[in-house]
Every structure is written in C-alpha cells, then in structure tokens.
Amino acid sequence: MPRLAKTTYIEQSWRIHELTSDFSVEDVWAFRTPGAGPDDFPTMLAAMRAAGGPVKQTWLVRFLFAVRWKLGVLLGWDEPSAGVGERVASLRDRLPSDVRAASRCPDNKSMPLEAVYELDRESARELANKTVHAVMHLGWVQAANGDYELRMAVLVKPSRWFGRLYMGAIAPFRYLIVYPALTRQWERAWRDRDRAAAE
C-alpha cells in the first residue's frame, strides 16, 4: 500500500523538520519508481511536471477540485488576505541561509502551492487559506528493495477548530480518490520519463 505510517516521515533527517515544528503530519504516501537511483530526484520532479498536474487527472478528481475552488469563492476561503505572506508568513522566512541560497523551481499556475525550496533529495511547497496553512514535502528515499522512491508528506497547521473540521471532512476524498489517482499519475510519469524528456 502506498500510504505509510507517519513515523516513516518523522525518522528521516529532512531539512523541512527545521521549519515545521508547529505543524502536524497529516499524510505520508509512497510512489514506486522502479530502477531509480540516489541522484534521480530531479528527474522525477521533471517527469511530474511534464505529467500535467490536476488538469491531466481523471474527471472525478477534476470535479472534486472544481467543487473545492467553487466553495472557496462562495465562502471566501481563498481570498488573497488569507494566503501565504498575508494571513500567515511564508516558510521561506524561516529558511537557513544555505537552503535559502538553493534554487527554487517556478510556481505552477494550475496549482495553489508556492515553492519554498528544492534540494537534491527533497523539496517543499506551501499554501494557505482560511482553513489551513499546509506544506507538501517531497523526498527521495531508498526503499527496502534498494531502489529509490518518492515520498510525499502533507504537513498542516489548521486554522482553529474550523480548520481541523475541514481536514477531517476531506480525509475520505483524499484517501479514496485523490491520492490513489495521484499515485497512478506520478508512477506513470516515472515510467514515461524518457518519452516526456524527448518531446
């Protein structure tokens, strides 16, 4: 199963731990990348970007995202005043100098996540709205079979009781629909990486 215990994330010596002591670990997920080596994290990230993000997902996932954004408009959850740099400070403000000096990949206009940093074996993006300040952390880890694989952790700091209620309400959709679809898309992106690079 691609869903992992939270301890598998906590036990890794990620740089993100230095920035998120006030966040909790919400989800940890694994993505199989057969034949991957220790230096293939940038290749995987490039393959994921080439895969197209949410716009290339199944109709059901696109529908769920469309409903969420519509609710955000109607209820004012996603107003600019609730975002990163407004309601909450960006994690980039917490970066140590060596991580701040690292390259930062460009933001994707089709996703609300903003880049925090990108290193050789990990990267982080964040978003904030009236419900939560969340971080998507991607890491490159050696699996039990010796291959390397992608790990994703979602870290959250809910906005009071409503944020906790919101995260609980969307959990079934994440586990049953969104993450399985994301797994298929990202694992397929790894398999098709050579073809995507040639296009």
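The values are calculated or read from the model by the stated rules, or taken from the named source; none is laboratory data. Owing to the predicted nature of the structure, the values given are computational and were not obtained by experimental measurement. No Cβ is skipped: glycine too gets one built from the backbone with ideal geometry, and neighbour counts run over all protein chains shown. Surface accessibility is based on the protein's heavy atoms, side chains included, excluding ligands, DNA and RNA. Shrake-Rupley method; radii C 1.70, N 1.55, O 1.52, S 1.80 Å.
Here are the numbers for the structure shown:
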item	result
Yes/no for Leu119 being under 18 Å from the mean Cα position of the chain (by Cα), open to solvent by 20 Å² or more (accessible area, probe 1.4 Å) and closer than 23 Å to Ile10 by Cβ	yes
Single unsatisfied condition, Ala134 versus (1) more than 24 Å from Leu45 (Cα to Cα); (2) of a type in the set (Gly, Ala, Ser); (3) surrounded by 18 or more Cβ atoms within 10 Å (Cβ to Cβ)	(1)
Subset of the stretch 1-17 [part of a loop (DSSP other than H, G, I, E, B), surrounded by 14 or more Cβ atoms within 10 Å (Cβ to Cβ) and touching a strand residue (DSSP E or B) at 6+ places or on another chain (Cβ under 6 Å)]	Pro2, Leu4, Trp14
Qualifying residue in the stretch 100-114 (condition: at positive phi and either buried (at least 18 other Cβ atoms within 10 Å of the Cβ) or touching a residue at least 24 places away in the same chain (Cβ under 8 Å) (or both))	no
Test for Thr58: is it of a type outside the set (Phe, Trp, Tyr), touching an Asp or Glu at 6+ places or on another chain (Cβ under 8 Å) and surrounded by 13 or more Cβ atoms within 10 Å (Cβ to Cβ)	no
Single condition Val99 does not satisfy, out of (1) under 22 Å from His133 (Cα atoms); (2) in contact with a Pro (Cβ under 9 Å, 6 or more places away or on another chain)	(2)
Selection status of Thr20, touching a strand residue (DSSP E or B) at 6+ places or on another chain (Cβ under 6 Å), surrounded by 13 or more Cβ atoms within 10 Å (Cβ to Cβ) and polar (S, T, N, Q)	yes
Evaluation of Ala50 against (1) within 29 Å of Ala143 (Cβ to Cβ); (2) open to solvent by 40 Å² or more (accessible area, probe 1.4 Å); (3) of a type outside the set (Asp, Glu); (4) modelled with pLDDT of 90 or more (one fails), failing number	(4)
